[in-house]
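J.: Have a look at the structure that comes next, please.
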Amino acid sequence: MTKLIVPVILAGGQGTRLWPMSRAARPKQFLPLIGPQSLFQKTLERVGDRSLYAPAIVITNSDYRFIVAEQAIEAGATLSAILLEPVARNTAVAIAAAAAYADEIFGADTVLHVLPSDHDIAVDDGYGLAVRQAAEAAQAGQLVTFGIMPTHPETGFGYIKADAEIGAGIRPIERFVEKPNAERAAQMLSEGGYFWNSGMFMIGAGAFLRECATLSRDTHKAAREAVSKAKADLDFIRLDEAAFATAPNISVDYAIFEKTDKAAVVAVNFGWSDLGSWDAVWKNAARDSEQNLTQGSVTLSGVSNSLVVTDHAHVAVDGLDDIAVIATNDAVYVGRLSEAQKVGAMVKTLRADRGTAGLTETHRTAYRPWGGYASVLSGERFQVKRLFVKPGKKLSLQKHHHRAEHWVVVRGTAEVTLDGTIIVLSENQSIYLPLGCTHRLANPGKIDLELIEVQTGSYLGEDDIIRIEDEFGRA
């Protein structure tokens with residue numbers, strides 16, 4: 001390779017398959033499902049070799065922009081850019097927009113390694129070899145995907161049928177196969193030549209855009225215009241909404257890879273999982289002698305082959321086998337671990353009911369670029385929250401039309417601006433913010449600031465906020 005590979009990390013998602021831990025506001029790639037790092041951070045770490053990779057381009061939606069930036073900082077990762085998708089349009093235009101941006105910034109001969117941000121991958125010698133083989137083929141003009149050698153008949157993945165190897169690990173693609181039933185999956189394994197479709201790609205920016213212009217003209221036009229009309233917003237690049245929205249809602253497989261004559265596959269056998277269900281999390285983590293995986297405060301008795309995860313209440317399970325229990329502070333899922341792929345259908349049922357739809361969108365704990373808050377208790381005309389503010393961060397200068405607030409400092413130091421006057425509070429001190437006052441909360445200290453907020457008033461919705469100043473560019 002004469003130039004460094006530019007990683008393109010896809011960090012969108014709906015947060016349905018690992019509910020209730022994963023939700024639309026914080027999907028699985030931002031959760032520490034296996035180990036202390038999130039899957040997104042592990043993806044950044046995987047492309048951290050600066051002898052091989054340039055800093056990554058991350059493409060995500062606006063709602064996740066601060067999570068992406070914060071987790072990149074926590075991981076010590078430098079990014080080339082964070083591109084913001086204005087609307088959801090699947091992977092074809094997302095990858096095309098990243099390729100168009102790379103073409104403008106790095107040149108058409110740039111090789112891109114396109115990676116989902118929510119996969120768990122074992123980085124070993126086989127991984128490094130596959131990356132280099134794919135990069136050489138991409139540099140020569142081929143559009144390369146990574147095919148995982150199947151270990152069992154899997155019905156949750158699509159497959160790639162490949163021809164015989166033509167050199168350096170590269171195989172021409174014969175066809176793509178949709179997710180099969182169990183009988184067909186077993187038959188494909190016995191026939192050989194089939195690989196799991198990993199959703200990872202190695203492409204030349206210019207080569208991909210040329211194929212896109214030929215095979216999916218609307219996608220190409222939308223991506224090019226969205227990049228050329230993009231605007232900088234703080235540390236982010238907002239793709240033009242009007243242009244981006246004209247793109248067809250189609251995957252890159254359907255739009256490009258199933259049509260092009262330049263598609264090839266590198267067959268790999270490194271450890272890989274898309275962690276697409278709770279049983280996949282169970283399979284890919286260390287388990288105890290009874291084949292149980294637990295996270296959080298859990299007690300088991302006579303339990304085997306099970307997964308129990310909690311981030312809130314203590315969970316005790318007795319005398320069960322093949323059970324998944326996922327407990328958060330506002331929802332609990334219980335089902336057969338071996339049937340955990342049914343969680344997605346459960347989420348659809350919840351979304352269809354107005355009374356439960358919110359449980360699929362947000363947690364009681366909401367994350368913001370300055371920290372976040374958790375709902376503790378609410379009733380008629382009052383609400384109690386726990387606020388946490390990171391060191392050096394501050395909320396917007398704001399006011400409310402319908403509520404007053406009381407703040408009690410539990411930990412750390414609070415700098416409060418109240419109608420132009422700055423007041424510093426330490427632990428166990430409090431302040432009253434009357435209705436209509438202009439106020440701001442900041443953490444000037446070296447540790448997290450934690451406080452209890454009591455809201456009282458006729459309306460307590462999050463939209464009762466007038467931002468006067470905001471360092472994060474929010475209206």
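J.: How much accessible area does Asp261 have with a 1.4 Å probe, in Å² rounded to the nearest 10?
T.: Its accessible surface works out to 130 Å², give or take rounding.
J.: Sticking with the crude label model, points 7 Å out along Cα→Cβ, report the distance from Asn428 to Asp233 in nm, one decimal please.
T.: Here the answer is 4.5 nm between the modelled labels.
J.: At a Förster distance of 22 Å, what's the computed FRET efficiency of Met346 paired with Ser289, Cβ-Cβ distance as r, to 0.05?
T.: After rounding to 0.05, the efficiency reads 0.10.
J.: Quick check: Cα centre of segment 401-474 to Cα centre of segment 261-320, how many Å?
T.: Using only Cα atoms to place each centre, the spacing works out to 40 Å.
J.: Angle between the Cα long axis of helix 65-74 and the longest principal axis of the chain, 0 to 90 degrees, nearest 10?
T.: Tilt relative to the chain: about 80 degrees.
J.: A further question follows. Specify the longest stretch of the chain that does not include any exposed loop site, a site being one of the trypsin sites (Lys or Arg not before Pro) with a non-H, G, I, E, B DSSP assignment and at most 10 other Cβ atoms within 10 Å.
T.: 51-353
J.: In square nanometres and to one decimal, what's the mean projected area of the convex hull around the Cα atoms of segment 257-303?
T.: In nm², the orientation-averaged hull projection of segment 257-303 is 5.6.
J.: Remind me, relative contact order of the chain in percent, using alpha carbon pairs under 8 angstrom and six or more residues apart?
T.: That works out to 14 percent.
J.: Using 0.36 nm per residue, how much length does the chain from Arg184 to Asp49 gain when fully extended, once their Cα-Cα distance is taken away?
T.: Using 0.36 nm per residue and subtracting the Cα-Cα distance, I get 44.6 nm.
J.: While we're on this one: So how exposed is Met149, as accessible area in Å² (1.4 Å probe, rounded to 10)?
T.: Met149 exposes around 80 Å² with every protein chain in place.
J.: Quick check: convex hull of the Cα atoms in segment 121-164, volume per residue, rounded to a whole Å³?
T.: 112
J.: Going by alpha carbons, how many degrees (0 to 90, nearest 10) lie between the helix axis of 217-228 and the longest principal axis of the chain?
T.: 50
J.: Apply the Karplus curve 6.51 cos²θ - 1.76 cosθ + 1.60, θ = phi - 60°, to the phi angles in segment 255-262 and return the couplings in whole Hz, x for Gly and Pro.
T.: These are the phi-based 3J(HN,Hα) values: 6, 10, 5, 7, 10, 6, 9, 9 Hz.
J.: Could I ask something else about it? In the chain, what percentage of the DSSP-assigned beta bridges are antiparallel, given to the nearest 5?
T.: Bridges in the chain are about 70 percent antiparallel.
J.: Mind listing the phi-derived Karplus ³J(HN,Hα) values for segment 313-329, rounded to whole Hz, using 6.51, -1.76 and 1.60 with θ = phi - 60°, and x for any glycine or proline?
T.: Once θ is set to phi - 60°, the couplings for segment 313-329 become 6, 6, 10, 10, 10, 10, x, 10, 10, 6, 10, 10, 10, 10, 10, 10, 6 Hz.
J.: Can you figure out the FRET efficiency of Val408 with Glu471, using R₀ = 35 Å and their beta-carbon distance, to the nearest 0.05?
T.: 0.90
J.: Give the longest segment of the chain that steers clear of GluC sites (Glu not before Pro) in DSSP loops with at most 10 neighbouring Cβ atoms within 10 Å, not counting the sites themselves.
T.: 179-379
J.: Quick check: convex hull of the Cα atoms in the chain, volume per residue, rounded to a whole Å³?
T.: In the chain, the Cα convex hull volume per residue is 164 Å³.
J.: Something else about it: From the helices alone, meaning DSSP H stretches of at least four residues, give me the mean residue ellipticity at 222 nm for the chain, per-run term -39500 (n - 2.57), in deg cm²/dmol to the nearest 500.
T.: -6500 deg cm²/dmol
J.: Additional query: Using a basic spin-label model with each label point 7 Å from the Cα along Cα→Cβ, how many nm lie between Asp330 and His401?
T.: With each label point 7 Å from Cα toward Cβ, the separation is 2.4 nm.
J.: Continuing with the same structure: Any chance you could run the full-extension gain for Asp318 through Ser301? It's 0.36 nm times the residue separation minus the Cα-Cα distance, nm to one decimal.
T.: 5.6 nm
J.: From the phi angles alone, apply the Karplus equation (6.51, -1.76, 1.60; θ = phi - 60°) to segment 384-392 and give each ³J(HN,Hα) in whole Hz, x where the residue is Gly or Pro.
T.: 10, 10, 9, 9, 9, 10, 6, x, x
J.: Further question: If you roll a 1.4 Å probe over the chain with all protein chains in place, what percent of the accessible area is carbon or sulfur?
T.: 50
J.: I would also like to ask the following. Cα centroids of segment 1-51 and segment 159-197: how far apart, whole angstrom?
T.: First find each Cα centre; the distance between them is then 26 Å.
J.: Relative to the longest principal axis of the C-alpha atoms of the chain, give the angle of the C-alpha long axis of helix 125-139, reported between 0 and 90° and rounded to the nearest 10°.
T.: 70
J.: Round to the nearest 0.05 the FRET efficiency obtained for Asp419 and Ser378 when R0 = 41 Å and r is the Cβ-Cβ distance.
T.: 0.90
J.: Rg and Dmax of segment 1-155, Cα atoms, in Å?
T.: Both quantities, over Cα of segment 1-155: 15.5, 45 Å.
The values are calculated or read from the model by the stated rules, or taken from the named source; none is laboratory data. Remember, it's a predicted structure, so these values are computed and weren't measured experimentally. So basically every Cβ, Gly included, is an ideal-geometry build from the backbone, and we count neighbours across all protein chains shown. Protein only, heavy atoms only, side chains kept; ligands, DNA and RNA dropped before computing areas. Shrake-Rupley method; radii C 1.70, N 1.55, O 1.52, S 1.80 Å.
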